[in-house]
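First the structure, in the form of C-alpha cells, and then the observations on it.
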Amino acid sequence: MTGTNRLQLRRLPRVWATYPWVLLMKRPPIAEFVEPPEIIASVNGVLLDAAHVRRYAAMCGFSPGTELPITFPHVLSMPLHLKIFALGAFPLRPMGLIHLSNTIESPATLTAGTRVDVAVAARNYQRTDAGVTFDMDTDVSSGGQTVWKETCMFLARWPESMARGGARPPRPPKAPKDSAVLVEFDVTRDTAWAYARVSSDFNPIHLSDRAARFFGLRGSIGHGMWSLARTLAQAPAAVIPGGAVIGTQFLSPVQLPGRVAIKEWSDEGQVRRALCDVRTGRVHMYVWWDAVTPPA
C-alpha cells in the first residue's frame with residue numbers, strides 16, 4: 001500500500017452525479033496492478049432518515065415497526081462506496097467486481113431520526129489465483145464511538161488469458177436435508193428495480209439483461225445485499241444478539257427471474273440461513289451468527 005488518500009466530504013455525494021465516473025472512468029489493465037493507496041471517504045452528521053428506513057424495511061420484508069434493520073447502514077454508506085469507485089486513484093474497474101463476502105457487527109443500538117458519522121475505506125488489496133481482492137470497510141459512529149461496522153470483500157477477476165489454474169469454480173453447496181424451509185417466492189427484475197430505488201445501487205447488471213451480458217453474465221442478476229437483507233428479514237424473525245458478528249458468503253447470483261427459498265438450520269451453536277434456488281437446491285448465499293442461548 002502506498003499511503004492514504006482521505007476525503008472529508010460535507011454531505012453524502014449524489015449518486016446520479018457519481019455513476020457516470022464509475023461507469024466511464026478508464027482504468028489501467030489489471031495486469032498492471034500495483035499497490036494502490038488506501039482511500040478513505042467520510043461524512044459527518046448523516047441523518048438516519050425515518051422515511052427512508054421505512055421504505056427500505058418494507059421493500060426487504062422486515063416486519064412493520066422494525067426500528068432499524070441491521071443491513072440499513074450499508075445503503076446509507078452506498079454513496080461513499082460509489083465516490084471511492086469513481087476516483088482515479090481507485091485502481092480496479094468497478095463494473096464486474098464480484099461481492100464475495102460480508103461481515104456486519106452492531107455493538108450499539110441505532111435509532112431512526114438520529115445523526116451519525118460515516119467513514120468508508122478501500123484497503124487490503126491482495127493478489128489471488130482468481131484475481132485481486134480488496135476490502136471495503138465501513139464504520140458508522142456516534143459521539144466518537146463505533147455503533148455499526150461492515151467489511152465487504154470484493155474480487156476483480158484476472159482476464160481469461162491470465163487465469164491461473166484454469167479449473168472451473170466448484171458448484172455451490174446445498175443446504176442440509178433437515179433444514180427448515182421458511183418461505184418460497186419469485187425474484188424478478190421488478191424486485192431489482194425496487195431495491196435499487198431504496199438502496200441507490202443502480203448497477204446496470206441488476207437492471208438490464210443487455211448490460212449484464214456486456215459484462216460477461218448470462219443475464220441480469222439480483223442484488224447480493226438485497227438477498228442478505230431479505231433472508232434476515234424472513235419470519236420467524238431472526239434473533240440476533242447485540243454485538244453479534246453476522247457473516248455472509250455469496251456463492252452464486254440469482255438469475256432474474258428466479259424462484260428461491262429461504263432455509264434455516266443450526267450448526268455448532270450458530271444459526272444459519274440460506275437463499276437457495278428452488279429448482280436445483282443450490283445455495284446463492286448464506287448467512288450465520290451465534291445462536292441465542294435460552295435462559296435456564
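General remarks:
- Residues of region 254-266 that are in contact (Cβ under 8 Å) with a residue 60 or more places away in the chain and more than 23 Å from Tyr195 (Cβ to Cβ): Trp265 alone.
- Any strands (runs of 3 or more DSSP E) falling wholly within region 1-105 and containing at least 1 residues that are touching a residue at least 60 places away in the same chain (Cβ under 8 Å) and closer than 25 Å to Gly243 by Cβ: 38-47, 98-105
- Being over 21 Å from Gly281 (Cβ atoms), among the polar types (S, T, N, Q) and surrounded by 19 or more Cβ atoms within 10 Å (Cβ to Cβ) is a property that does not hold for Thr128.
- Within region 106-140, the set of residues being charged (D, E, K, R) and modelled with pLDDT under 95 comprises Arg127, Asp129.
- Conditions (1) touching a Lys or Arg at 6+ places or on another chain (Cβ under 9 Å); (2) among the hydroxyl-bearing types (Ser, Thr, Tyr); (3) surrounded by fewer than 17 Cβ atoms within 10 Å (Cβ to Cβ); number of the one not met by Thr188: (1)
- Residue that is touching a Pro at 6+ places or on another chain (Cβ under 6 Å), under 27 Å from Tyr19 (Cα atoms), in contact (Cβ under 8 Å) with a residue 24 or more places away in the chain and not hydroxyl-bearing (Ser, Thr, Tyr), where the choices are Leu217, Leu251, Leu228: Leu251
- Residue count for region 285-296, restricted to those that are surrounded by fewer than 14 Cβ atoms within 10 Å (Cβ to Cβ) and within 20 Å of Pro69 (Cβ to Cβ): 1.
- The set of residues in region 28-49 being surrounded by 15 or more Cβ atoms within 10 Å (Cβ to Cβ) and more than 21 Å from the chain's Cα centre (by Cα) consists of Ile30, Phe33, Pro36, Pro37.
The values are calculated or read from the model by the stated rules, or taken from the named source; none is laboratory data. This one's a predicted model, so the numbers in the text were calculated from it and none came from an experiment. In this analysis, Cβ positions are derived from the backbone assuming ideal geometry, glycine residues included, and neighbour counts consider all displayed protein chains.
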